[in-house]
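Have a look at the structure below before the remarks.
The values are calculated or read from the model by the stated rules, or taken from the named source; none is laboratory data. The model shown is predicted, which means the values in this text are computed figures rather than measured ones. Methodologically, a virtual Cβ is constructed for each residue, glycine included, from the backbone with ideal geometry; neighbour enumeration extends over all protein chains shown.
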Amino acid sequence: MLALELASICHTSADRDVKTVAARTEHEGVSFLTITLPTFGKDFERSLDRGRVERDLFAGFGWQAGLPRFCGGFLARVFDRNTGILLDDPCVESVRAVRQLTLMFGKIQLDCAPHRVRKALTGYVQCEKEVLADNATLLGDPQQLRDFRRMASLLFKGTLDRVERKLILGEYLPKHGPGATADRLVGNEKYGQNAWPIRLEPYFPFLENVVPNWSLMSLREQLDGVDFLEPWRELPVKVTTVPKTLKTPRIIAIEPTAMMYMQQALLRLIVDSVADSNVLRFVLGFDDQEPNQLLAKEGSLTGNLATLDLSEASDRVSTTHVGALLHGHPYLYGAVMACRSTKAWIPGLKKTIKLRKYASMGSALTFPLEAMVFATCCFLGVEREQRSQLDPSAFRWEGEMHAGTVHRLKRVVRVFGDDIIVPGDYVESTVRTLETFGFRVNKAKSFWTGRFRESCGKEYYGGEDVSIVRVRRVFPTQLTDVSEAISMVSLRNQLYYAGYWKTVKWLDDEIRAVLKHFPTVLPSSPVLGRYSFLGYYPERFDEILHSPQVKGWKVKARIPQNALRDERALTKCLLMLERRNSDSGPQPGVDSEHLERSGRPSHVDIKLRWCSAV
């Protein structure tokens with residue numbers, strides 16, 4: 001349905017494409033949709049960047065003249081059919097159509113084949129060996145380290161001074177997150193932790209961060225049962241895989257509770273200090289992806305900005321990089337290293353390895369530290385291309401800055417995790433610098449020569465948004481397929497807002513075959529329903545509140561039951577109170593049962609109810 005609708009929009013035909021997909025999916029299985037088609041889509045993006053279709057791309061697909069036969073009607077509106085050269089005025093709708101049809105199943109949540117999971121885990125171990133080799137190379141080149149330290153100081157000295165000062169004064173708030181931990185504590189159980197790495201004590205004392213009030217009982221009773229772990233007894237991070245694509249899973253490391261607790265404290269100090277900087281808030285992004293997306297749009301329109309993506313980004317940030325970044329801030333460096341796990345247990349390979357990287361994805365500090373390291377490398381690349389050192393006055397942390405200086409600086413580099421944007425004039429030098437420091441630029445997802453750009457989940461061609469809607473889960477067949485039903489409704493509503501209304505009409509019938517009740521509601525409604533630009537359709541009005549209501553399926557998440565009592569309950573309440581007092585802006589409400597139930601939902605269900613339509 002989507003292929004036919006896109007063909008109608010683009011004034012071409014997709015009949016043969018539909019037959020090809022049906023035949024090859026029957027012959028090759030779901031891997032054609034989840035691996036082969038996305039590879040076609042990536043090759044299409046590479047062709048846009050090159051400005052022509054070349055024979056080293058689109059493997060496994062037949063050709064006709066200068067273009068692949070598959071999606072040929074769409075491709076011919078973007079490239080010349082005979083030469084494969086990009087047209088002077090390519091059809092942007094066709095660009096969006098090819099991407100939508102080929103990439104929509106690329107990130108569906110299905111389990112990878114066991115051999116692909118094992119390959120990813122083996123690659124994780126191999127990456128660790130490469131980090132060790134890169135460390136040796138970096139440590140053997142004093143000039144490279146001096147350059148890195150100088151640029152890091154130029155960029156971050158004022159910000160890190162402030163973080164270190166607050167850390168020394170104890171002006172921080174630890175926090176437990178909702179996710180899994182290596183010691184298998186969930187929700188409120190985390191406040192009852194009785195294992196504390198002794199490495200944390202000089203910077204984050206147990207009594208000051210876990211015990212709410214020393215006068216509640218004697219000091220001996222407070223410490224009774226607490227196991228202060230020597231380094232060799234510390235629990236390693238647990239390396240596991242989560243869905244990314246069927247070609248390769250994403251690898252994350254689950255941290256022990258105590259480590260994550262204090263990592264969250266440092267994370268907030270760093271994020272707040274960067275936000276207070278007149279310069280760094282334009283260079284680094286931690287919470288808001290929109291600046292990166294807008295710059296990617298500008299880069300696709302003007303060609304002056306490049307978008308870079310790194311492979312295994314977090315796994316290649318080593319302790320050497322972090323040490324150079326925090327050079328001159330010994331107390332902060334000690335704290336950052338104290339809440340870092342030094343070992344990793346890989347159940348899939350049944351082995352424990354010593355970590356040379358700072359931390360894998362899963363540590364709360366991975367994201368900010370990697371962004372700061374990448375920004376340092378990028379500015380070094382800019383500096384080397386200019387063949388002159390950047391003006392230190394432009395990076396002054398305190399005081400008001402000249403608006404023109406800020407404007408020029410924020411256009412130079414923008415980093416959100418491993419999504420990097422740099423000016424096109426500096427891209428070659430930046431890539432060389434990143435690779436000099438041991439990072440791998442993913443050339444398949446980095447763009448700077450054509451008019452296609454992608455960053456932080458948004459893709460643009462010639463200034464036009466060509467982002468796609470993705471299918472995240474297989475379709476449900478019965479009411480008990482709750483996650484699949486929720487995903488299907490979300491897919492329907494995303495397609496509606498994308499303008500694919502014929503496909504949406506077909507999808508509505510498919511959803512009703514499972515849910516039966518599928519009313520039209522506003523996005524704010526708790527009911528699984530249809531979104532419409534025309535508003536909502538109430539089925540009745542509440543007799544007391546006179547609010548519009550509909551009958552539909554309401555999602556109900558079951559929060560794990562884990563009651564918290566006594567002094568540990570006081571710890572949680574005091575931390576929540578301090579956090580509410582320190583944060584500005586509107587505050588979220590507090591669940592009245594948060595001391596009885598907490599953590600991520602253990603089960604999601606749907607119930608047929610009369611609920612508000614708005």
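Quick notes
- Count of the stretch 44-56 residues, restricted to those that are surrounded by fewer than 19 Cβ atoms within 10 Å (Cβ to Cβ), without any contact (Cβ under 8 Å) to a residue 40 or more places away in the chain and part of a loop (DSSP other than H, G, I, E, B), is 3.
- When L332, L369, L349 are screened for being hydrophobic (A, V, I, L, M, F, W, C), in the same structural domain as D419 (by TED's automatic domain parsing) and within 15 Å of M259 (Cβ to Cβ), only L369 passes.
- Candidate set from the stretch 330-346 (those that are surrounded by fewer than 20 Cβ atoms within 10 Å (Cβ to Cβ) and touching a helix residue (DSSP H, G or I) at 6+ places or on another chain (Cβ under 9 Å)); member that is nearest to V242 (Cα to Cα): T342
- Restricting the stretch 356-366 to residues that are among the aliphatic types (A, V, I, L, M) and crowded, with 21+ Cβ neighbours inside 10 Å, the residue that is farthest from the chain's Cα centre (by Cα): A359
- Every listed requirement among (1) out of contact with any helix residue (DSSP H, G or I) (no Cβ under 7 Å at 6 or more places or on another chain); (2) surrounded by 14 or more Cβ atoms within 10 Å (Cβ to Cβ) is met by F105 save one, (1).
- Any pair with Cβ under 7 angstrom, 6 or more apart, that starts in the stretch 90-113 at a residue that is under 18 Å from S483 (Cα atoms) and ends at one that is among the polar types (S, T, N, Q) and part of a loop (DSSP other than H, G, I, E, B): K107/T245
- If you go through the stretch 552-576 and keep only what is of a type in the set (S, T, N, Q), surrounded by fewer than 16 Cβ atoms within 10 Å (Cβ to Cβ) and outside any strand (DSSP E or B), you end up with nothing.
- Some residue of the stretch 86-106 being part of a strand (DSSP E or B), farther than 30 Å from Q389 by Cβ and either of a type in the set (A, V, I, L, M) or touching a Phe, Trp or Tyr at 6+ places or on another chain (Cβ under 6 Å) (or both): yes
- Here the condition is being at pLDDT below 80 and touching a strand residue (DSSP E or B) at 6+ places or on another chain (Cβ under 8 Å); of S612, S602, it holds for S602 alone.
- Of residues in the stretch 413-464 being within 15 Å of V373 (Cβ to Cβ) and hydroxyl-bearing (S, T, Y), the one surrounded by the fewest Cβ atoms within 10 Å (Cβ to Cβ): T436
- Whichever residue in the stretch 243-271 is in a helix (DSSP H, G or I) and of a type outside the set (A, V, I, L, M) and, among such residues, is farthest from L167 (Cα to Cα): T257
- For the stretch 108-222, the helices (runs of 4 or more DSSP H) that sit wholly inside it and include 2 or more residues that are touching a Ser or Thr at 6+ places or on another chain (Cβ under 9 Å) and crowded, with 18+ Cβ neighbours inside 10 Å are 114-139, 142-169.
- Residue that is within 30 Å of L33 (Cα to Cα), not assigned by TED's automatic domain parsing to the domain that holds G179 and not charged (D, E, K, R), where the choices are S547, S532: S532
- Taken across the stretch 493-513, residues that are modelled with pLDDT under 95, in a helix (DSSP H, G or I), closer than 20 Å to S612 by Cβ and touching a strand residue (DSSP E or B) at 6+ places or on another chain (Cβ under 8 Å) do not occur at all.
- Residue that is modelled with the lowest pLDDT [pool: residues in the stretch 387-446 that are among the aromatic types (F, W, Y) and not in a strand (DSSP E or B)]: W397
- Scope the stretch 100-143; condition touching a strand residue (DSSP E or B) at 6+ places or on another chain (Cβ under 7 Å) and at pLDDT 90 or above; matching residues: V117, A120, L121, Y124, V125, E128, V131
- For Y172, the conditions (1) in the same structural domain as L365 (by TED's automatic domain parsing); (2) of a type outside the set (V, I, T); (3) over 24 Å from T319 (Cβ atoms); (4) in contact with a helix residue (DSSP H, G or I) (Cβ under 8 Å, 6 or more places away or on another chain) all hold with the exception of (3).
- The listed residues are G73, G41, and the only one of them that is among the small types (G, A, S), touching a helix residue (DSSP H, G or I) at 6+ places or on another chain (Cβ under 7 Å) and either in a loop (DSSP other than H, G, I, E, B) or farther than 17 Å from Y460 by Cα (or both) turns out to be G73.
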